[in-house]
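What follows is one structure encoded as structure tokens, with my remarks underneath.
The values are calculated or read from the model by the stated rules, or taken from the named source; none is laboratory data. All values derive from a computational prediction rather than experimental measurement. Counting neighbours? That spans all protein chains shown, and the Cβs are built from the backbone with ideal geometry, glycine included. Keep in mind that these areas ignore ligands, DNA and RNA; they rest on the heavy atoms of the full protein, side chains included. Shrake-Rupley method; radii C 1.70, N 1.55, O 1.52, S 1.80 Å.
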Amino acid sequence: MIPAPKTAPILEFKNVSKAYSNGDSTQKVLHGVNLSVYPGDFCAITGPSGSGKSTFLNLCALLDEPSAGEIFFNDQATSGLTESALSMLRKKNVGMVFQQYCLLPYRSVLENVLFRFRYLEVDKAEALRMAKYALAKVGMSSFLDKPTHLLSGGEMQRVGIARAIALKPRLLVADEPTGNLDSSAAKQVMRCLNDLGQQEDIAILLVTHNESLLDYASRHLRCKDGNLIEHETA
């Protein structure tokens, strides 16, 4: 895959470390991570359990704060933001996809994506347009009125992706998004993510234990003992 052109980064880690206190002891999870993520980057993150992948992903999604160092999002330092400002930055700029689809099973496909607009001051007609656009991007336009519990696993995950991109985020964070899918559905979801990264000019960070998915990534980041190491992709 041709790497994305290097314009201004969406996300920057500058000497970021994370540690957790447990009584009298401190567990260091990440050590001095430096990283820049650009529009169009598709970063696959691998590593053994306990290596720091989940902690790293939570920091990228602005769900956690570093113990040391600085995280920049759209050239803005995040350490000085209030919780309210950080929440709004996250809601508008970060989409999240999970291994569990986290859909409302007896609501329609369209209603599930519209749920992304709750608590936001978005005109109903505009929210409907954006939701339908997102569903079209993942090939789910013909399923708008179908209850999600009647969908296949791959279809449910594509609805989850549509919900995540409905607000046109700059960063999409995906935690084992193919973990519950068979190989055919997994390939369809990965092609969908790859197309979105290139066509919508967003950055994608994907955590996976399945190294065959590296074929879709433009960058490979490996967590090992709290360090983040970048490897060459094919």
- Item | Long-range neighbours under 7 Å by Cβ, at least six apart or interchain, first residue closer than 13 Å to D175 by Cα within the stretch 44-67, second polar (S, T, N, Q) | A44/T208; T46/T208
- Message: Tally up the residues in the stretch 107-120 that are modelled with pLDDT of 95 or more, over 22 Å from E200 (Cα atoms) and either surrounded by fewer than 16 Cβ atoms within 10 Å (Cβ to Cβ) or among the polar types (S, T, N, Q) (or both), please.
- Response: 2
- Task: List every residue pair whose Cβ atoms sit under 6 Å apart, with the two residues 6 or more apart in sequence or on different chains, where the first one lies in the stretch 105-132 and is of a type outside the set (V, I, T) and the second, anywhere, is open to solvent by 100 Å² or more (accessible area, probe 1.4 Å) and at pLDDT 95 or above.
- Result: S108/D145
- Out of A44, A19, which single residue is closer than 16 Å to R222 by Cα, among the aliphatic types (A, V, I, L, M) and surrounded by 14 or more Cβ atoms within 10 Å (Cβ to Cβ)? A44
- Report, by residue number, each residue of the stretch 214-234 that is farther than 19 Å from Q157 by Cβ, part of a loop (DSSP other than H, G, I, E, B), open to solvent by less than 30 Å² (accessible area, probe 1.4 Å) and not hydroxyl-bearing (S, T, Y). G226
- Being of a type in the set (G, A, S) and surrounded by 11 or more Cβ atoms within 10 Å (Cβ to Cβ) is the filter; apply it to the stretch 66-85 and report the residue that is farthest from G52 (Cα to Cα). A85
- Scan the stretch 171-193 and give yes if some residue there is open to solvent by 50 Å² or more (accessible area, probe 1.4 Å) and within 23 Å of A127 (Cα to Cα), otherwise no. no
- Task: Would you mind finding the one in V94, V159, V173 that is more than 16 Å from L11 (Cβ to Cβ) and of a type outside the set (G, A, S)?
- Result: V159
- Item | Answer residue from the stretch 163-187, given it is part of a helix (DSSP H, G or I) and touching a residue at least 12 places away in the same chain (Cβ under 8 Å) and is farthest from V37 (Cα to Cα) among those | S184
- From the list N34, N15, which residue is of a type outside the set (F, W, Y), touching a Lys or Arg at 6+ places or on another chain (Cβ under 8 Å) and within 25 Å of T82 (Cα to Cα)? N34
- Message: Test of understanding: among G154, G139, G160, which residue is touching a residue at least 60 places away in the same chain (Cβ under 8 Å) and surrounded by 15 or more Cβ atoms within 10 Å (Cβ to Cβ)?
- Response: G160
- Is it the case that the stretch 202-213 has a residue that's of a type outside the set (S, T, N, Q), in a loop (DSSP other than H, G, I, E, B) and either touching a strand residue (DSSP E or B) at 6+ places or on another chain (Cβ under 8 Å) or free of Cβ contacts under 8 Å to residues at least 12 places away in the same chain (or both)? yes
